[in-house]
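Here the structure comes first, spelled out in structure tokens, and everything after it is commentary.
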Amino acid sequence: MPDQNTPFVCKIEKVRDEWIDYNGHFNMGYYGALFDITADDAFEVMGLGPEYVKTGFSFYTLEAHITYLRELHADDAVQVHFRILDYDAKRIHYFEEMFHAEGGWLAATLEGICMHIDMDAKKSCSFPDEVLKQIAAMHSAHQDLAVPPQVGHKIGIVRKMA
């Protein structure tokens with residue numbers, strides 16, 4: 001079941017028909033799209049929504065790691081929980097958990113890092129003070145949450161001892 005203490009819960013979205021692959025499953029590439037769509041809610045709360053991008057600044061994803069835990073299908077309703085793990089003047093390290101909205105089970109997670117960008121200079125820069133205050137407030141609200149086991153998860157083949 002979702003952690004009821006998670007401070008930021010994104011709106012419910014549905015798995016779209018066009019995201020289903022030839023096996024009848026939610027295609028792995030679209031998990032990232034759905035995580036991105038739902039994270040927009042959290043970024044807007046921090047002052048990094050569509051209006052902010054019109055100012056000539058934005059943020060780019062530097063790294064993302066998705067862990068697929070349970071299969072989703074067309075029309076499944078999902079709800080993503082978003083939390084900030086860490087941040088500095090230019091970057092946000094965040095974690096998302098995608099839950100089946102009706103069943104409550106965890107389907108996938110995404111751990112990511114994004115960087116603030118000056119779009120004219122095409123280089124990183126510090127967040128404005130007002131945005132940084134919002135990031136700090138969200139981070140503070142998330143600090144006491146347990147760290148999910150997928151955070152920092154190393155990819156590789158686990159060999160069993162004979």
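Working note: Debye formula, equal point scatterers on the alpha-carbon atoms of the range 1-104, no solvent; log10 I(q)/I(0) at q = 0.11, 0.23, 0.24 Å⁻¹ is -0.37, -1.34, -1.40. Each part gets one Cα centre, and for the range 20-50 versus the range 66-133 those centres are 9 Å apart. If only the Cβ of Lys and Arg carry +1 and only the Cβ of Asp and Glu carry -1, the dipole of the chain around its Cα centre is close to 600 debye. In the chain, excluding the sites themselves, the longest stretch lacking any of the GluC sites (Glu not before Pro) that are in a DSSP loop with at most 15 other Cβ atoms within 10 Å is 1-70. In loop segments of the range 107-162 as defined by DSSP, the trypsin sites (Lys or Arg not before Pro) with at most 11 further C-beta atoms inside 10 Å of their C-beta are 122, 154, 159, 160.
Modelled label positions at residue 161 and residue 44, each set 7 Å beyond Cα in the direction of Cβ, lie 5.2 nm from each other. Loop exposure criterion: chymotrypsin sites (Phe, Trp or Tyr not before Pro), DSSP state outside H, G, I, E and B, at most 15 other Cβ atoms within 10 Å. Applied to the chain, the longest stretch between such sites is 23-104. Computed extension length for residue 73-residue 134: 18.5 nm, one decimal, from 0.36 nm per residue of separation with the Cα-Cα distance subtracted. Loop-located trypsin sites (Lys or Arg not before Pro) in the range 1-74 (DSSP state other than H, G, I, E, B) with a sparse environment of at most 12 neighbouring Cβ atoms within 10 Å: 11, 54, 70. Per-residue ellipticity at 222 nm from helix content only, as computed over the chain with -39500 (n - 2.57) for each DSSP H run of at least four residues, stands at -7000 deg cm²/dmol. You can think of it this way: the chain between residue 23 and residue 154 has 44.4 nm of extra reach, that is 0.36 nm per residue less the Cα-Cα gap. Output the pairs from 54/122; 54/123; 14/133; 54/133; 54/90 with a Cα-Cα distance over 25 Å in this structure; if there are none, say none. Going by Cα-Cα distance, 14/133 fall outside the 25 Å limit.
Every number here is computed from the coordinates shown, using simple stated rules; none is lab data. Keep in mind the model is a prediction, meaning the values are calculated, not measured. FYI the Cβ positions are ideal-geometry reconstructions off the backbone, even for glycines, and counts take in every protein chain you see.
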